[in-house]
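To start, the structure under review is shown below, and the notes come after it.
The values are calculated or read from the model by the stated rules, or taken from the named source; none is laboratory data. For clarity, every value in this text was computed on a predicted model and none was experimentally measured. Using ideal geometry, Cβ is built from the backbone for each residue, glycine included, and neighbour counts are taken over all protein chains shown.
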Amino acid sequence: MEQTTEYAPVFTGDNRKRLDEVLARYPAKRAGLLAALWMVQEQHGWVSDEAMAETADVLGLTPSYIKGVVTFYTMYHQHPVGKTFVQVCTTTPCNICGAEEVVEAFLEHTGCGDLGATSPDGKFTVIEVECLGACGFATPVMMNEDVIENVTPEKVPDLVKQYS
Amino acid sequence: MGYPHKPHEKETVILSEYFGDAEARSYDGWVKRGGYKALKASLEMQPAEVVEIVKSSGLRGRGGAGFPTGVKWSFMPKEKSKPHYLCCNADEAEPGTFKDREIMRWTPHALIEGCAIAQYAIQAEITYIYIRGEFTEPLRIMQAALDDAYGNGVLGDNAMGSGRRLDMYIHRGAGAYICGEETALMNSIEGQRGNPRIRPPFPAASGVFGMPTTINNVETLAAVPHIINRGPEWYKSLSLNNEKSCGTKLFSVSGHVQRPGNYEVTMGFPLGELINDLCGGMRQGRTLKACIPGGSSVPILNREETESCLLDYEGCVEMGTMLGSGGVIVFDDSADMVYQTMRLARFYAHESCAQCTQCREGTGWTVRILERILAGQGEPKDLDLLLDLADQMTGKTICVLSDSCAAVVISTIKRFRNEFEAYMAGTREPGVVAAGVG
Ligand SMILES: Cc1cc2nc3c(=O)[nH]c(=O)nc-3n(C[C@H](O)[C@H](O)[C@H](O)COP(=O)(O)O)c2cc1C
Ligand code: FES
């Protein structure tokens, strides 16, 4: 992905302090990696090659090691995504309660069209996700950091409006 | 909404007593409800005494394997020569399971208290609570409760005035079912890919950071304060079927019932009553077809088996399945078992860490065969191929993710073979298989 603006480092000022607090909890610096990557994503919305290089530098690891970790965990974005990232659970317990129709409704109302694609206005990206640990509240949907329970296709237009 | 629901008269409400009671979330509210008495009492005992109490209570791990908790704790070195660690497994990602989420949302201090007691018993200086990345609300509530516990001297350098240091931190995951497997969880805490480790060495000898470590599930740890307060005999007496299974268990019920949600019952409670009485039975006009009683990784039951299954470790084994994590997934007659088998296989294929060939290749191949059958292009020999493949995926890998995928396939073909055959014979509309991402 091309970067149009210059990369803004993450681990300066308050963030550096936050990271140091995290590192103090572990006997090894590497253990702070997941938390560091969360901080990166919080600031930039995704984890770019530049961010991996910075994180590698700060934790004394190599960029390739970091890439290995980033690609393992599904919640770290390896590309920019829409302003609201929508994850609809479609694993069996939700699937049998109509989760795939909820996915369809999101694809339609956000204008994303396809799974994983970002809407033309840049506002949404919709994906299917595996079990969110809320199976009794089918269908749970994550919209950025919020988990919304009992979503039905009828509720989707309002949700899309709310997060636009 | 499953919560807050008024407990059903057949429930035995212990862990879930304060579900729905937001005041129980604060330190003061928790203390008012009798909280932290068990920790105080434990800190006045020798660590070995605490282990003994938990051992004699009969408590078994609620994360899936049902290993006796006190016995697990007793594997930790008695003579301390290195740091010890406790890891609390709050990765809860087994499809059908959502009980740990509720414990953390409503009674965060119950978990902190349970962790602190366990941590003291195994002589660990630090507990890491590993919370899955998607649990944003439980994470916020747990963090606030931890800050509250530190602020009130429950944790820190003089825990409850005992002169001991107890530290507890949250480690946030980032999306990976496999990190719920205990050795993958330890790698993830260490900042690595969440690949399971080969055992031995076992965690009690060499766990996180190469140090003696105990890993326990959220529900297991949350039960500990009650055992300390009310005694191991009381806990042991909570048993309806087999004395080897005791205490209460939270069952997360999902799928086609009237009232999905978490229900707490005494071990040995009949699965049929859970579905029909507590959950209000099936959706209007529908009938029960199948049930997975212990999270997606355990064999599926047909209607008759479901109706006679008793919910404890032994009762489930008697029916050819397992209690697992207590995630009860209920299917009515509208469910397409072939499609859902494919969907579960897709889950395992997506979540395989890909270290072992049998799992990496086997889960994906299973999905492709099932998709072919669903598209109406299956051949009679495909069922044998699926079963042969499942056999090759069982007992051959570092962890049991592969076995779980195989169990789904084997048990569904065994009970619902006619549905597979209908696709093959072309007497069933080919299903439209939506493409998943990843
Ligand atoms: C693939 C896989 C996923 C697992 N996921 C979880 C989980 O999310 N939560 C959990 O407590 N145990 C999980 N387990 C079981 C753990 O490995 C471990 O047995 C458990 O946390 C031990 O705690 P307990 O003795 O208190 O049950 C999983 C196991 C496997 C093989
Ligand atoms: S299957 Fe959808 S939240 Fe568990």
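The selection criterion, being buried (at least 24 other Cβ atoms within 10 Å of the Cβ) and away from ligand 2 (no atom under 16 Å from the Cβ), does not hold for B:Ile53. All of (1) closer than 30 Å to B:Val257 by Cβ; (2) away from ligand 1 (no atom under 16 Å from the Cβ); (3) not in a helix (DSSP H, G or I) hold for A:Thr74 with one exception: (2). Here are A:Glu54, A:Glu42, A:Glu50, A:Glu6: which of them is acidic (Asp, Glu), in a loop (DSSP other than H, G, I, E, B) and under 29 Å from A:Lys123 (Cα atoms)? The conditions single out A:Glu6. When you look at B:Thr397, is it modelled with pLDDT of 95 or more, part of a loop (DSSP other than H, G, I, E, B) and crowded, with 16+ Cβ neighbours inside 10 Å, yes or no? Yes: the conditions hold for B:Thr397.
Scanning region A:93-123 for residues that are away from ligand 1 (no atom under 16 Å from the Cβ) and assigned to a helix (DSSP H, G or I) yields a total of 14.
Of the residues making up region A:33-50, those that are among the small types (Gly, Ala, Ser) and either within 11 Å of chain B (Cβ to nearest Cβ) or farther than 19 Å from A:Thr118 by Cβ (or both) number 2. Exactly one residue out of A:Thr84, A:Thr62, A:Thr92, A:Thr110 is among the hydroxyl-bearing types (Ser, Thr, Tyr) and either within 16 Å of ligand 2 (Cβ to nearest atom) or facing chain B (nearest Cβ under 7 Å) (or both): that is A:Thr92.
Are any of the residues in region A:130-144 among the acidic types (Asp, Glu) and buried (at least 21 other Cβ atoms within 10 Å of the Cβ)? Checked region A:130-144: at least one residue is among the acidic types (Asp, Glu) and buried (at least 21 other Cβ atoms within 10 Å of the Cβ).
From the list A:Val147, A:Val141, A:Val129, the one residue that fits, being of a type in the set (Val, Ile, Thr), within 16 Å of ligand 1 (Cβ to nearest atom) and within 28 Å of B:His5 (Cα to Cα), is A:Val129.
Can you work out which of the residues in region B:164-177 that are within 16 Å of ligand 2 (Cβ to nearest atom) and surrounded by 20 or more Cβ atoms within 10 Å (Cβ to Cβ) is nearest to B:Gly64 (Cα to Cα)? Applying the filter and picking the extreme gives B:Tyr177. Taking the numbered list (1) touching a Leu at 6+ places or on another chain (Cβ under 6 Å); (2) more than 14 Å from chain A (Cβ to nearest Cβ); (3) closer than 18 Å to B:Leu111 by Cα in turn, B:Glu264 passes all entries but (2).
Among the residues of region A:19-29, what is the count of those that are surrounded by fewer than 16 Cβ atoms within 10 Å (Cβ to Cβ), in a helix (DSSP H, G or I) and within 13 Å of chain B (Cβ to nearest Cβ)? Final tally of qualifying residues: 2. Within region B:137-160, the presence of a residue that is within 20 Å of B:Ile215 (Cβ to Cβ), touching a residue at least 60 places away in the same chain (Cβ under 8 Å) and within 15 Å of ligand 1 (Cβ to nearest atom) is excluded.
Picking from residues in region A:77-92 that are in contact with a Gly (Cβ under 8 Å, 6 or more places away or on another chain) and farther than 20 Å from A:Val151 by Cβ, the one that is farthest from ligand 1 (Cβ to nearest atom) is A:Pro80. With respect to the conditions (1) at the interface with chain B (Cβ under 9 Å from one of its Cβ atoms); (2) surrounded by 20 or more Cβ atoms within 10 Å (Cβ to Cβ), A:Glu149 falls short on a single one, namely (2). Residue check: is B:Ala204 assigned to a helix (DSSP H, G or I), of a type in the set (A, V, I, L, M, F, W, C), more than 16 Å from ligand 2 (Cβ to nearest atom) and touching a helix residue (DSSP H, G or I) at 6+ places or on another chain (Cβ under 8 Å)? No: the conditions fail for B:Ala204. Please determine whether any residue of region B:16-26 is surrounded by fewer than 23 Cβ atoms within 10 Å (Cβ to Cβ), within 14 Å of chain A (Cβ to nearest Cβ) and in contact with a strand residue (DSSP E or B) (Cβ under 7 Å, 6 or more places away or on another chain). Taking every residue of region B:16-26 in turn, none turns out to be surrounded by fewer than 23 Cβ atoms within 10 Å (Cβ to Cβ), within 14 Å of chain A (Cβ to nearest Cβ) and in contact with a strand residue (DSSP E or B) (Cβ under 7 Å, 6 or more places away or on another chain).
Scan region B:211-249 for residues that are among the polar types (S, T, N, Q), buried (at least 16 other Cβ atoms within 10 Å of the Cβ) and more than 12 Å from ligand 1 (Cβ to nearest atom) and the total you get is 5. Among the conditions (1) within 14 Å of chain A (Cβ to nearest Cβ); (2) out of contact with any Phe, Trp or Tyr (no Cβ under 6 Å at 6 or more places or on another chain); (3) buried (at least 22 other Cβ atoms within 10 Å of the Cβ); (4) of a type in the set (A, V, I, L, M), B:Val208 misses just one, which is (2). Of all the listed residues (B:Phe75, B:Phe19), the sole one being closer than 30 Å to A:Asn150 by Cβ and touching a residue at least 12 places away in the same chain (Cβ under 8 Å) is B:Phe19.
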